[in-house]
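Data block below; observations after.
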Amino acid sequence: MKTLTLDEWDSKYVVGEIEPFAQGNTMFNRPAWDGEVNSRLDDWSFVGEVKDKPGYGLEDLALRWAARRGTMLLSHFNWYRPNPTPMSLAVKEMFESRDPSLRSITGYKPPEGKKIDVCDLERITRIVKKAALWFGADDVGICRLDKRWVYSHTFQPQKAGHIASDRGAGVTGGNSVPQEIPQEFRHAVVLVFSEDYDMMKYYPTHIAHAVTSMGYSRMAITNNYLAAFIRHLGFQTIDGTTNAVSLTIPMAMQAGLGDLGRNGLLIHPKSGPRVRLSKVITDLPLVPDAPVDFGVTEFCDKCGICADNCPSRSIGRGGRTSEPNSISNLRGTKKWPINAETCRMYWAQANKPCTTCIAFCPYTKPYARFHRTVRWFTDHLRWADPVYVKMDTLFGYGKPESPRNFWEEWDPKRH
Ligand code: SF4
Ligand code: SF4
């Protein structure tokens, strides 16, 4: 694995002016305001159904939805960002007006005049990274805040949460508000949450989607801990959990946490695309990490397994391009643009999220000795990439596991 300078990274991924991206253009928000998208959906909620089929029972769906509770709790307590939700402002107001003693929870400040000494930036960076890991992240990196990835406008759908449009609800609208990040916020701590490989194998059932839900809950809670930790050191934070505030993938790449795959996801060196990401933006000075290159671009060029197995054909088979598929792709970057419209339409049709392009990806496999060795070869002998791709298909990796005996055999482990 080699490191890149930010200029080298830019010359690989940036092909022109990056147009400011508005949060309303993400596919989760478009049904709320885009009549064309909305009219093509019967149901955008993908709540999932209970079926008389292994992996789709009530206990499986219950696991999926219960695992998501962390995001719901935290979205009501996150007023540390430029345009907090009306709900979180109401909760803050309620805490402060009902009982002034609760202000210690809502607005803790370190003792007067106390602020961590930042003379030794290496030390403070180490402290923040260790705290992030202890709070629950599986990996952590630091990047300078690059404003090109920050949303020009935040968006809040009229209907709360990601269920922007229920069956028959039509366009419900939302608030698009310009977002300003003050100049003093110069760094971001980017957090990685790996997902359970053994459970992801049960895709496309509710069991695999429970893992995704858990990733979002873990990030919401851990992000909140870390943001509070930095505030208690005497510095400010903007809590960017669950895709809030900015586009996280380019930030994670600049923070040295992985490279971009054909499936549009971050490929982490150990967990591949089997990760969820969040970030805390701060005015605490930190030492940034460097972007990394471990052969992902070359491997994806030869591979295309995700494209072949995508049920909605939303992943291209060609080379990287700067041509976007729709307004949901960021303009000005060179990549394999996902067709977010057909992808999310498929989710709506199937009434559940899809993780096929994660499950099939050769980088998804656990970072055990054999796969570690293969990854070493994909990094160091890149000319042999077609052989690794063939081997992956021959071994039948990525095929779903039967969930028939899941609850009997499941041996839950701490992440
Ligand atoms: S999530 Fe599913 S439908 Fe969407 S791009 Fe990946 S494989 Fe295709
Ligand atoms: S499946 Fe293959 S082409 Fe797709 S992201 Fe993974 S390595 Fe790249």
* Structure fact -> Residue pairs within 7 Å by beta carbon, gap of at least six or interchain, first lying in the range 182-195 and closer than 10 Å to Leu284 by Cβ and aliphatic (A, V, I, L, M), second modelled with pLDDT of 95 or more and outside any loop (DSSP other than H, G, I, E, B), listed first then second, are Val189/Val128; Val189/Ala132; Val189/Val140; Val189/Ile142; Val189/Leu226; Val189/Lys279; Val189/Val280; Val189/Thr282
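Return yes or no: is Lys334 away from ligand 2 (no atom under 16 Å from the Cβ), among the charged types (D, E, K, R) and under 27 Å from Phe21 (Cα atoms)? Give the derivation first.
Numbers: away from ligand 2 (no atom under 16 Å from the Cβ): no; among the charged types (D, E, K, R): yes; under 27 Å from Phe21 (Cα atoms): yes.
So Lys334 does not fit the description; no.
Regarding Thr342, is this residue within 15 Å of ligand 2 (Cβ to nearest atom) and modelled with pLDDT of 85 or more? Spell out the reasoning first.
On the way: within 15 Å of ligand 2 (Cβ to nearest atom): no; modelled with pLDDT of 85 or more: yes.
For Thr342, the condition - within 15 Å of ligand 2 (Cβ to nearest atom) and modelled with pLDDT of 85 or more - is not met.
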* Asked: Across the range 35-67, what is the number of residues that are crowded, with 19+ Cβ neighbours inside 10 Å and of a type in the set (D, E, K, R)?
  -> 2
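Taking Gly16, is it surrounded by 14 or more Cβ atoms within 10 Å (Cβ to Cβ) and of a type in the set (Gly, Ala, Ser)? Steps first, please.
On the way: surrounded by 14 or more Cβ atoms within 10 Å (Cβ to Cβ): no; of a type in the set (Gly, Ala, Ser): yes.
So Gly16 does not fit the description; no.
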* Asked: So, in the range 231-276, of the ones that are at pLDDT 95 or above and part of a helix (DSSP H, G or I), which residue ends up nearest to ligand 1 (Cβ to nearest atom)?
  -> Ile249
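Might you let me know whether the range 369-380 holds any residue that is assigned to a loop (DSSP other than H, G, I, E, B), under 27 Å from Met214 (Cα atoms) and touching a Lys or Arg at 6+ places or on another chain (Cβ under 8 Å)? First the steps, then the outcome.
Restricting attention to the range 369-380, the residues satisfying the condition of being assigned to a loop (DSSP other than H, G, I, E, B) are none.
No: the range 369-380 contains no residue that is assigned to a loop (DSSP other than H, G, I, E, B), under 27 Å from Met214 (Cα atoms) and touching a Lys or Arg at 6+ places or on another chain (Cβ under 8 Å).
Quick check: anything in the range 308-323 within 14 Å of ligand 1 (Cβ to nearest atom), among the β-branched types (Val, Ile, Thr), surrounded by 19 or more Cβ atoms within 10 Å (Cβ to Cβ) and not in a loop (DSSP other than H, G, I, E, B)? Step through it out loud before you land on a result.
Pass one, the range 308-323, residues within 14 Å of ligand 1 (Cβ to nearest atom): 308-317.
Still in the list and also among the β-branched types (Val, Ile, Thr): 315.
Right, trim to surrounded by 19 or more Cβ atoms within 10 Å (Cβ to Cβ) and you get 315.
Imposing the further condition that a residue be not in a loop (DSSP other than H, G, I, E, B) reduces the set to none.
There is no residue in the range 308-323 that is within 14 Å of ligand 1 (Cβ to nearest atom), among the β-branched types (Val, Ile, Thr), surrounded by 19 or more Cβ atoms within 10 Å (Cβ to Cβ) and not in a loop (DSSP other than H, G, I, E, B).
In the range 6-35, what count of residues is obtained for those that are in a helix (DSSP H, G or I) and either in contact with a helix residue (DSSP H, G or I) (Cβ under 9 Å, 6 or more places away or on another chain) or farther than 23 Å from Ser152 by Cα (or both)? Write out each step before concluding.
At the first step, the residues of the range 6-35 found to be in a helix (DSSP H, G or I) are 6-13, 23-25, 30-33, 35.
Cutting the leftovers down to either in contact with a helix residue (DSSP H, G or I) (Cβ under 9 Å, 6 or more places away or on another chain) or farther than 23 Å from Ser152 by Cα (or both) gives us 6-9, 11-13, 24, 30-33.
Here the count works out to 12.
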* Do we find a residue being touching a strand residue (DSSP E or B) at 6+ places or on another chain (Cβ under 8 Å), closer than 30 Å to Lys129 by Cβ, β-branched (Val, Ile, Thr) and within 15 Å of ligand 2 (Cβ to nearest atom) anywhere in the range 297-305? -> yes
* **Lone qualifier among Pro269, Pro288 - being surrounded by fewer than 24 Cβ atoms within 10 Å (Cβ to Cβ), within 26 Å of Arg144 (Cα to Cα) and touching a His at 6+ places or on another chain (Cβ under 8 Å)** => Pro288
* Asked: If the Cβ limit is 6 Å and pairs must be 6+ apart or interchain, which residue in the range 241-259 that is closer than 19 Å to Ser271 by Cβ and touching a residue at least 40 places away in the same chain (Cβ under 8 Å) pairs with which residue that is assigned to a loop (DSSP other than H, G, I, E, B) and among the acidic types (Asp, Glu)?
  -> Ala255/Asp289; Gly256/Asp289
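Is there a residue being on the phi > 0 side of the Ramachandran plot, in contact with a Ser or Thr (Cβ under 9 Å, 6 or more places away or on another chain) and at pLDDT 85 or above anywhere in the range 332-339? Give the derivation first.
Of the residues in the range 332-339, the ones on the phi > 0 side of the Ramachandran plot are 332.
Remaining after also requiring in contact with a Ser or Thr (Cβ under 9 Å, 6 or more places away or on another chain): 332.
Then drop every residue that is not at pLDDT 85 or above, which leaves 332.
Scanning the range 332-339 turns up at least one residue that is on the phi > 0 side of the Ramachandran plot, in contact with a Ser or Thr (Cβ under 9 Å, 6 or more places away or on another chain) and at pLDDT 85 or above.
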* Asked: If you go through the range 39-57 one residue at a time, do you hit one that is in a helix (DSSP H, G or I), more than 23 Å from the chain's Cα centre (by Cα) and modelled with pLDDT under 90?
  -> yes
* Would a scan of the range 285-305 turn up a residue that is away from ligand 1 (no atom under 16 Å from the Cβ), at pLDDT 95 or above, under 30 Å from Ile116 (Cα atoms) and charged (D, E, K, R)? -> yes
* Mind checking whether some residue in the range 310-320 is within 16 Å of ligand 2 (Cβ to nearest atom) and closer than 21 Å to Ala252 by Cα? -> yes
* Selection within the range 326-347 - over 13 Å from Leu260 (Cβ atoms), under 19 Å from the mean Cα position of the chain (by Cα) and free of Cβ contacts under 8 Å to residues at least 40 places away in the same chain -> Asn339
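Rundown of residues vs (1) out of contact with any helix residue (DSSP H, G or I) (no Cβ under 6 Å at 6 or more places or on another chain); (2) modelled with pLDDT of 90 or more; (3) surrounded by 14 or more Cβ atoms within 10 Å (Cβ to Cβ); (4) not hydrophobic (A, V, I, L, M, F, W, C), yes/no style:
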residue	(1), (2), (3), (4)
Ser104	yes, no, no, yes
Lys109	yes, no, no, yes
Lys114	yes, no, no, yes
Glu122	yes, yes, no, yes
Phe135	no, yes, yes, no
Gly141	yes, yes, yes, yes
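The values are calculated or read from the model by the stated rules, or taken from the named source; none is laboratory data. Since this is a predicted model, take the numbers as computed values, not measurements. Don't worry about glycine lacking a Cβ; one is built from the backbone with ideal geometry, like all the others, and counts go over all protein chains shown.
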